[in-house]
Amino acid sequence: METKDLLKKVRKIEIKTRRLSDHIFSGEYHTSFKGRGMTFSEVRQYQFGDDIRAIDWNVTARYNEPYVKVFEEERELTMMLMVDISGSEAFGTKNQLKSEIVTEIAATMAFSATQNNDKIGLILFSDQIELYIPPKKGKSHVLRIIRELIEFEPKSKKTDLSQALKFLSGTQKKKAIVFVISDFMVHDDYEKTLKIAGKKHDITGVRVYDIREEKMPNVGIVTMEDTETGEILAVDTRSKKARMHYEKHYQDKVFYFKDIFSKCGSGTVSTRVDESYVTKLLSYFKSRG
């Protein structure tokens, strides 16, 4: 993509997603995710109803009257965007590809974090770590993330979520707000690595899918290509058994995603390409509030 075209595309996404984050998501994001802990703010005189455990005995002894320590929540957070850029994301039968919706969601979340002066980092993954951008603050940093989401060309078309989660655990030593954005049509068992990462981080899986992926239509014999392996097969879609097998395989993947994230104490959001991801995310944020 030429630089001029890239800049136009970045600007278009910035205008749309920044408006959403400014007017809709910023406040919800702020109340949905907590800071890392409590930090000391000041000492003041004891007031009726204060917790006696907060009394600062050294200051109390010095002034011969009770004083308490006041703590404030540490609001600054780190958001990590983990984005699946494998071959299956380049699919869409409606107005947009899954990868385009993924980019919009990631950009919206990044601008929401910026509104709260939080750091934002990016992990692009397939079956390997394709790109890692360490967390930083600022609009220029967010625009760099959007540029990479638009133009980055992955080396592999396959997916391995476990490897990406291991990388997350290895690089982020402090608690982070993590959004894993994918279709979750992965072949690996990621329960163990998600459980480990989930003990340290606040993780949400955002599943982006297309309506045509749910069921195989009866359209005769068709040639299909696995977007991740490149394998080409002739499939007789007239076969009820073949259609049922496809649907079961798809539903098994969806169930695994929801079940494993729930077991590991992580949240989930599912949004179809032709649905409003804004509505889905807002509903999720409010349920956490």
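Counting only strands (runs of 3 or more DSSP E) that sit wholly inside region 199-267, those with at least 2 residues that are without any contact (Cβ under 8 Å) to a residue 12 or more places away in the chain are 221-225, 232-236. Of all residues in region 263-289, exactly one satisfies the criterion of being of a type in the set (Val, Ile, Thr) and surrounded by fewer than 12 Cβ atoms within 10 Å (Cβ to Cβ), namely 279.
State whether the residues of region 47-66 include one that is over 30 Å from residue 133 (Cβ atoms), at pLDDT below 85 and assigned to a strand (DSSP E or B). Looking for residues that are over 30 Å from residue 133 (Cβ atoms), at pLDDT below 85 and assigned to a strand (DSSP E or B), one finds none in region 47-66, hence no. Evaluate region 1-22: report whether one residue or more is modelled with pLDDT under 65 and either in a loop (DSSP other than H, G, I, E, B) or polar (S, T, N, Q) (or both). Looking through region 1-22, at least one residue is modelled with pLDDT under 65 and either in a loop (DSSP other than H, G, I, E, B) or polar (S, T, N, Q) (or both). Scanning region 239-262 for residues that are over 27 Å from residue 181 (Cα atoms), basic (Lys, Arg) and surrounded by 12 or more Cβ atoms within 10 Å (Cβ to Cβ) yields one hit, 243. Restricted to helices (runs of 4 or more DSSP H) entirely inside region 84-188, those with at least 2 residues that are open to solvent by 10 Å² or more (accessible area, probe 1.4 Å) and farther than 28 Å from residue 282 by Cβ are 161-171.
The values are calculated or read from the model by the stated rules, or taken from the named source; none is laboratory data. Treat the numbers as computed from the prediction; the structure is a model and nothing was measured. Reconstructed Cβ throughout: ideal geometry from the backbone, glycine too, with neighbour counts over all protein chains shown. Only protein heavy atoms, including side chains, enter the accessible area calculation; ligands, DNA and RNA are left aside. Shrake-Rupley method; radii C 1.70, N 1.55, O 1.52, S 1.80 Å.
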